[in-house]
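Below is one structure, written out as structure tokens; comments come after it.
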Amino acid sequence: MRGGTVVDAGGSRRADVGLSQGDVVAVQAGLDAGPGVTVLDAGGCVVAPGLVDLHAHLRQPGMEEAETVESGARAAALGGYTAVVAMPNTDPPIDGAAVVREVLGLGAKSACDVRVAGAITVGRKGEQLAPLAEMAALGVRLFTDDGHGVQDGRLMRRAMEYGSALGVVLAQHCEDASLASGGHMHEGEWSSLLGIGGVPAEAEELMLARDVALCRLTGCPVHFLHLSTAGSAALVAAAKGQGLPVTAEVTPHHLTLTDAAVASYDPVYKVNPPLRAQADVDALRRGLSDGTIDAVATDHAPHPQEAKEAPFDEAPPGMLGLETALAVLLTDLDLPVERLLALMSWQPARIAGVSGAHGGPIVPGRPANLCVIDPAASWVVEPGRLASRSRNTPFAGRRLTGRVRHTVLFGEPVVVDGQAQR
Amino acid sequence: MARGGQGTQAGEGAAAGSLRHLLSVADLGADGIAEMLRVTDSFVEVSERAIPRVPALRGKTVVSLFFEDSTRTRLSFETAAKRLSADTMTFSASTSSVKKGESLRDTVETITAMGIDAIVVRHGSAGVPWQVARWTDAAVINAGDGWHEHPTQALLDCYTIGQARAGAASDVEKVFAGLRVAIVGDVAHSRVARSNVLAFAALGAEVTLVAPPTLLPPSLAGWPVTVSHDLDAVLPGAEVVYLLRIQRERASEALLPSLREYTAGYGLTRDRSRLLRPDALVMHPGPMNRGVEIAAEVADLPCSVVTRQVANGVAVRMAVLFLLLSHPAQLEPGVAVDG
């Protein structure tokens with residue numbers, strides 16, 4: 001990789017990067033490529049550790065018309081990701097060893113290192129603990145019933161107590177089902193005008209506050225998925241202030257869009273948790289800068305076109321994210337690239353337990369999981385040209401600045417000049 | 001009050017004659033509402049003729065696309081279309097391919113392919129008329145979308161108030177300036193309330209919403225209204241008392257302890273009706289729950305204009321169809337009515 005600026009947790013420097021046998025073998029200016037060596041042009045680009053997504057719905061098994069592990073992994077690679085955590089709300093759900101093995105097997109030959117999150121409860125029904133140890137033994141590190149929060153406080157307490165002995169992280173989709181019931185967007189000024197049932201911010205904050213208390217009680221590390229409100233950010237900041245082992249993620253759409261977008265009644269803007277108010281967006285952005293928020297995660301949630309052509313209150317929630325996340329944040333946020341990479345690469349890598357292979361420093365001897373970002377490249381999001389099998393991006397038609405030029409997975413170029421190789 | 005679901009019209013309050021769709025009252029603005037009511041006046045006259053029919057929309061086809069049962073609204077629109085000599089078709093979701101799993105978009109595109117001029121859409125979900133308008137080149141008229149809007153109801157209510165208070169709707173701005181209107185009941189779940197707040201306020205009325213907090217929208221930021229939880233205090237000053245229908249299931253959703261308690265606090269009971277001004281108008285969009293939001297005797301008092309609302313509905317919908325579908329050159333109502 002020639003001509004780029006290498007950026008990792010250690011800082012940035014101009015250097016070429018030599019790769020061989022899946023590893024980084026040299027990092028220095030003016031590397032001499034010998035005969036027969038493939039040269040990837042990184043001129044004007046940032047050479048970074050591959051991005052790590054803590055939160056992607058790859059829809060397989062069971063919803064292959066929306067996405068497959070293969071298509072989702074390709075979308076991830078095009079977005080600069082070298083590792084993604086596949087969410088367990090598949091059909092059947094990932095709530096035991098068999099489905100864990102199936103999804104890991106599907107990911108093995110894909111364009112990305114596909115890891116798996118397991119369900120906390122059997123069938124994600126919130127009634128009975130899933131076999132956490134059995135799944136942990138297969139390398140599952142994150143557990144969540146994502147799509148639902150675990151409503152029963154006693155069950156969540158037991159999951160944390162049990163999990164605390166397994167070295168795993170429990171990840172919560174914070175949503176009090178009774179408060180959220182009948183809601184399809186953020187409850188507030190816009191839901192009132194539009195006549196759509198709202199989900200109050202408190203539906204998220206109540207469960208988050210409960211789980212902070214349970215974290216204190218059990219000592220089990222807890223990761224909060226897709227924070228969407230200013231109040232949630234404040235609760236996480238307070239928990240961190242007390243030294244509790246909590247982490248939190250936020251999505252690109254909750255950092256850049258508000259509930260005002262729903263005024264179009266286009267279900268592409270329906271997502272769970274819902275797009276919130278500007279004050280929430282502002283607070284989440286501050287949380288990125290002040291360390292409250294540890295990671296940006298996509299919550300990539302593909303849905304077939306026809307599902308999103310339903311009335312707003314009948315359409316399923318969810319938005320694509322893998323192919324646009326980095327570019328949206330480079331375009332809309334004023335964060336230094338080092339900070340952005342911390343949030344999208346090495347910090348999520350630690351939470352996902354994949355730091356050994358992903359997000360690490362770019363030094364000789366480390367696995368070569370890298371992405372090359374052209375920060376000046378300008379492009380327009382065209383849903384029909386995305387690698388995802390679905391089209392439900394809220395950024396359709398947006399001109400973005402910044403694009404992934406190459407992605408390298410264990411030394412193999414899986415994206416070259418913006419084209420997927422697998 | 002900012003407007004929800006906009007974006008189909010070029011700018012706010014377009015002259016009614018240049019409208020492509022009627023999705024929200026906000027599409028009209030004060031001038032558009034006034035124009036609509038002036039045209040309604042001509043069609044009220046048509047409705048009183050021995051043969052209440054004019055050829056204004058001959059050759060045009062109007063489809064009513066009703067995903068939610070509403071015989072009254074559908075018949076009102078279809079009568080209006082027929083009196084304008086338009087052809088009408090009815091697409092009822094309960095008897096159609098929707099039951100077989102056809103998507104909303106497929107339904108709209110299929111109907112559009114038949115070569116139609118207007119779609120009158122009623123749906124239980126907010127926003128559907130905006131979606132329909134994206135998938136068809138026909139004119140789209142919102143006949144009620146979820147809790148969101150019901151613009152022709154607001155127009156017929158404005159017309160009825162103008163008629164009752166001035167004799168003719170041509171003085172509508174004068175009638176509404178400073179008019180004190182109380183809208184009482186389940187505002188949160190009412191498309192009628194949202195459209196009427198927009199319409200009454202645009203025309204200069206002072207609107208007070210009267211309801212328990214559980215039946216008000218979560219946020220009233222930007223709404224041009226005041227709020228009261230005390231009907232007895234509001235009634236003596238109200239020139240129009242607009243009662244909303246209470247759905248019986250609200251009591252089972254923890255929004256109300258019971259319908260009985262609602263009636264005690266917010267129903268227009270016989271006792272409470274003594275607080276009405278002598279010149280007050282009592283209105284209701286129908287169908288009424290007699291004994292819940294309105295006592296049977298009160299509904300039948302001379303101050304109740306509920307049946308006039310229904311009668312005016314046809315003429316208002318004739319005006320809407322006419323202004324959306326006739327050629328701009330025909331816009332002078334006199335010309336079209338006679339032609």
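The values are calculated or read from the model by the stated rules, or taken from the named source; none is laboratory data. Because the structure is predicted, anything quoted here is derived from the model rather than measured. Don't worry about glycine lacking a Cβ; one is built from the backbone with ideal geometry, like all the others, and counts go over all protein chains shown. Protein only, heavy atoms only, side chains kept; ligands, DNA and RNA dropped before computing areas. Shrake-Rupley method; radii C 1.70, N 1.55, O 1.52, S 1.80 Å.
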Q. Where in the range A:1-118 are there strands (runs of 3 or more DSSP E), lying fully within it, with 1 or more residues that are over 30 Å from residue A:166 (Cα atoms)?
A. A:5-8, A:11-14, A:16-20, A:23-28, A:46-49
Q: List the number of the failed condition for residue A:338; all other conditions in (1) modelled with pLDDT under 95; (2) touching a Ser or Thr at 6+ places or on another chain (Cβ under 7 Å) hold.
A: (1)
**Q.** Which listed residue, of A:181, A:192, A:164, is free of Cβ contacts under 8 Å to residues at least 12 places away in the same chain and surrounded by fewer than 22 Cβ atoms within 10 Å (Cβ to Cβ)
**A.** A:181
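Residue-by-condition table, conditions (1) modelled with pLDDT of 95 or more; (2) assigned to a helix (DSSP H, G or I):
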| position | (1), (2) |
| --- | --- |
| B:20 | no, no |
| B:33 | yes, yes |
| B:50 | no, no |
| B:57 | yes, no |
| B:62 | yes, no |
| B:78 | yes, yes |
Q: State yes or no: is residue A:64 open to solvent by 30 Å² or more (accessible area, probe 1.4 Å) and over 22 Å from residue A:354 (Cα atoms)?
A: yes
Q) Got a number for residues in the range A:219-254 being of a type outside the set (Val, Ile, Thr) and closer than 19 Å to residue A:85 by Cα? A) 10
Q: Hey, could you check the range B:182-199 for residues that are in contact with a helix residue (DSSP H, G or I) (Cβ under 7 Å, 6 or more places away or on another chain) and part of a helix (DSSP H, G or I) and say which is farthest from the other protein chains (Cβ to nearest Cβ)?
A: B:199
Q. Do the conditions hold for residue B:248, that is, is it modelled with pLDDT under 95, away from chain A (no Cβ under 14 Å) and out of contact with any Asp or Glu (no Cβ under 9 Å at 6 or more places or on another chain)?
A. yes
Q: Among residues belonging to the range A:166-187 that are of a type in the set (Gly, Ala, Ser), within 28 Å of residue B:146 (Cα to Cα) and in contact with an Asp or Glu (Cβ under 9 Å, 6 or more places away or on another chain), point out the one that is farthest from the other protein chains (Cβ to nearest Cβ).
A: A:180
Q | Hey, residue B:24 among the polar types (S, T, N, Q) and in contact with an Asp or Glu (Cβ under 9 Å, 6 or more places away or on another chain) or not | A | yes
Q: State which residue is farthest from the other protein chains (Cβ to nearest Cβ) when the search covers only the range A:304-321 and only residues that are touching a residue at least 12 places away in the same chain (Cβ under 8 Å), in contact with an Asp or Glu (Cβ under 9 Å, 6 or more places away or on another chain) and charged (D, E, K, R).
A: A:308
Q | Of residues in the range B:211-230 being hydroxyl-bearing (Ser, Thr, Tyr) and under 25 Å from residue A:179 (Cα atoms), the one nearest to the other protein chains (Cβ to nearest Cβ) | A | B:219
Q. What residue, of B:79, B:136, is in the same structural domain as residue B:22 (by TED's automatic domain parsing) and open to solvent by 20 Å² or more (accessible area, probe 1.4 Å)?
A. B:79
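Rundown of residues vs (1) over 23 Å from residue A:383 (Cα atoms); (2) touching a helix residue (DSSP H, G or I) at 6+ places or on another chain (Cβ under 7 Å); (3) open to solvent by 20 Å² or more (accessible area, probe 1.4 Å); (4) in a helix (DSSP H, G or I), yes/no style:
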position: A:312; (1), (2), (3), (4): no, yes, no, no
position: A:323; (1), (2), (3), (4): no, yes, yes, no
position: A:327; (1), (2), (3), (4): no, no, no, yes
position: A:335; (1), (2), (3), (4): yes, yes, yes, no
position: A:347; (1), (2), (3), (4): yes, no, yes, yes
position: A:351; (1), (2), (3), (4): yes, no, no, yes
position: A:355; (1), (2), (3), (4): yes, yes, yes, no
position: A:361; (1), (2), (3), (4): yes, no, yes, no
position: A:364; (1), (2), (3), (4): yes, no, yes, no
Q) Hey, residue B:208 hits all of (1) under 20 Å from the mean Cα position of the chain (by Cα); (2) within 14 Å of chain A (Cβ to nearest Cβ); (3) open to solvent by less than 40 Å² (accessible area, probe 1.4 Å) but one; which does it fall short on? A) (2)
Q | Residues satisfying the stated conditions in the range A:148-161, i.e. open to solvent by 80 Å² or more (accessible area, probe 1.4 Å) and either touching a residue at least 24 places away in the same chain (Cβ under 8 Å) or under 23 Å from residue A:137 (Cβ atoms) (or both) | A | A:148, A:151, A:157, A:158
Q: Go through the range B:232-263 and give me each residue that's assigned to a helix (DSSP H, G or I), open to solvent by 30 Å² or more (accessible area, probe 1.4 Å) and farther than 20 Å from residue B:287 by Cα.
A: B:232, B:233, B:236, B:252, B:253, B:261
Q. For the range A:366-403, what are the residues that are in contact with a Lys or Arg (Cβ under 6 Å, 6 or more places away or on another chain), among the aliphatic types (A, V, I, L, M) and open to solvent by less than 20 Å² (accessible area, probe 1.4 Å)?
A. A:372, A:381
Q) How many residues does the range B:130-181 hold that are in a loop (DSSP other than H, G, I, E, B), away from chain A (no Cβ under 14 Å), of a type in the set (A, V, I, L, M, F, W, C) and within 20 Å of residue B:225 (Cβ to Cβ)? A) 2
Q. Of these, B:56, B:118, B:50, B:113, which one is open to solvent by less than 10 Å² (accessible area, probe 1.4 Å) and not aromatic (Phe, Trp, Tyr)?
A. B:118
Q) Is there any pair linking a residue in the range A:99-122 that is closer than 14 Å to residue A:85 by Cβ to one that is open to solvent by 60 Å² or more (accessible area, probe 1.4 Å) and modelled with pLDDT under 95, with Cβ under 8 Å and at least six apart or on different chains, and which? A) A:110/A:422
Q. Does the range A:188-224 hold any residues that are within 7 Å of another protein chain (Cβ to nearest Cβ) and touching a His at 6+ places or on another chain (Cβ under 9 Å), and which are they?
A. A:191, A:193, A:194, A:195, A:196, A:198
(Q) So, in the range A:253-274, exactly how many residues are assigned to a helix (DSSP H, G or I) and either within 14 Å of chain B (Cβ to nearest Cβ) or more than 15 Å from the chain's Cα centre (by Cα) (or both)? (A) 10
Q | Near pairs, Cβ below 7 angstrom, 6+ apart or cross-chain, from the range B:234-259 (assigned by TED's automatic domain parsing to the domain that holds residue B:277 and among the charged types (D, E, K, R)) to any residue that is part of a strand (DSSP E or B) and open to solvent by 30 Å² or more (accessible area, probe 1.4 Å) | A | B:239/B:180
Q: Output the residue which, of all residues in the range A:284-303 that are open to solvent by less than 10 Å² (accessible area, probe 1.4 Å) and of a type in the set (Gly, Ala, Ser), is farthest from the other protein chains (Cβ to nearest Cβ).
A: A:295
Q: Would you check which residues across the range B:166-182 are open to solvent by 10 Å² or more (accessible area, probe 1.4 Å) and closer than 14 Å to residue B:242 by Cβ and list them?
A: B:180
